[in-house]
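Presented below is the structure to which this report refers.
Laboratory data are not the source of any read-out in this text; all were calculated from the coordinates shown. Because the structure is a prediction, the values reported are computed rather than measured. Here the Cβ positions follow ideal geometry from the backbone for every residue, glycine too, while neighbour counts run over all protein chains shown.
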Amino acid sequence: MTKRILLAAVAALALPLPALAQGAAHDPAALRDAALKDDFAWEITEGLTTEIGQRLAATEAETRARAWAVKKLTALGFRNVRIETFRMPLWVRGAETAEVVGPSAQKLVLAALGNSGSTGPKGVEADIAFFPTLADLQAAPAEAVKGRIVYIGNTMTPTQDGSQYGYFGGARRAGPNLAASKGAVAVLIRSIGTDHHRNPHTGVTNWAKDVKPIAAAALSLPDADQLERLLRRGPVRLRLLVTPEFKGEAESGNVIAEVPGSDPSAGIIVVGGHLDSWDLGTGAIDDAAGVAITTAAAKRIMDAGQPKRTIRVVWFGAEEVGGFGGAAYAKAHANERHVLAQESDFGADRVWKFEVNLPEGAKPIADRLATVLAPLGISRGRGTAHGGTDVGPIINTGVGVIDLSQSGLRYFDYHHTPDDTLDKIDPEQLRQNVAAWTAMLAVTANAPEDIGPIAKGGGE
């Protein structure tokens, strides 16, 4: 009798773990502490930036990056690894030169903005019309702009939350369109950044349907300072050559991998970052680190046992040039039950706060997160989580979100520049990111609460 009982007990141990036992296997504190020794995130970041390098959206390099991602995610043990392609406009960089002409003749360092128009092969030469801010350009009459090269300044400074980017970034996102609508022949902006190196910051700009794109570029911050000093001495004339091309439509895509959950009715948690990068650096902080952090955290959960909810890791394509990957994902998976969506796309420095937007019935999750994240030096913020470019379209359907906010004090020194390279990542801070994401997933993927949709005006 005793023998039969013993054999039955041994057999029971071989059966799939029940939900309660699975939850115990995913002890958030234990997984968090183990992740502080994580090497997966560094291996992914190092491999992607070394073996592929820059990954401009819809180019051959991004295609190679997707193939690399599939191979890596499969080797790590994820399930249902696949590529979901979509079509999008292709823009590629051309020649980029600028020089002051006249008594103070000298060259300036610049980079075309994504979607910039072209000066044509002969370039343009014109006087500078200087506007210290975007608001000054908005207030200017067309006669102050027409036939000139517009220059727009800004005074962006480092902040932990990176909040100045939203305000000063308007000069890049909207400034060229505004200058073109007032008759400018080209536009330069002071780079949207905080460094002191001759590394211009690129980034996408946008055009209204009725506005013909003109050449639009960013000056490095030292060169912007130099130009402003010259302008204080009197009129400045500039010769500009910027020759990017629009090459019609091309293919981009999202790479998807999963940790299948034990309860399909409990919904899907989406985590990820974007696979593409700008073409000036190797896209280490923006955003190889983001896909690496979220993938490493998901692997920690996977290796500990099957979670209750499916965790879907998405390496989004074509984020930098307009968020095409996030929009394509939301459209392709509109009929699936997503309960949470979050992304890492702000470098790899320490996570310092978290914020949530959860339905009423799931709010106890935030309290458990506060407890498990506190030992990492992460406190609960006072705001409401909003996600980012890639997960924004799915969040807008009523899906909850948790933001794990990295420090932005260094981020805009390197953002969208040739200096976005692997050496800018601190391995210790990278591990703290993985630990935070691992703890978050351990809590949310096994939370007993139903995580329902968020009604408009609801959530926290």
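Some values worked out for this structure:
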{"quantity": "Qualifying trypsin sites (Lys or Arg not before Pro) in the stretch 184-281, DSSP loop, other Cβ atoms within 10 Å at most 10", "calculated": "K209"}
{"quantity": "Of all DSSP beta bridges in the stretch 320-455, antiparallel share, percent nearest 5", "calculated": "65"}
{"quantity": "Antiparallel %, DSSP beta bridges [both residues in the chain], to 5", "calculated": "55"}
{"quantity": "Cα centroid separation - the stretch 316-346 against the stretch 398-460, whole Å", "calculated": "15"}
{"quantity": "Span from the the stretch 349-380 Cα centroid across to the the stretch 174-231 one, whole angstrom", "calculated": "39"}
{"quantity": "Full-stretch length increase - E249, A208 - with 0.36 nm per residue and alpha-carbon distance subtracted", "calculated": "12.9 nm"}
{"quantity": "In Hz, Karplus ³J(HN,Hα) per residue of the stretch 391-403 (6.51, -1.76, 1.60; θ = phi - 60°; x = Gly, Pro)", "calculated": "8, x, x, 6, 4, 5, 8, x, 8, x, 8, 10, 9"}
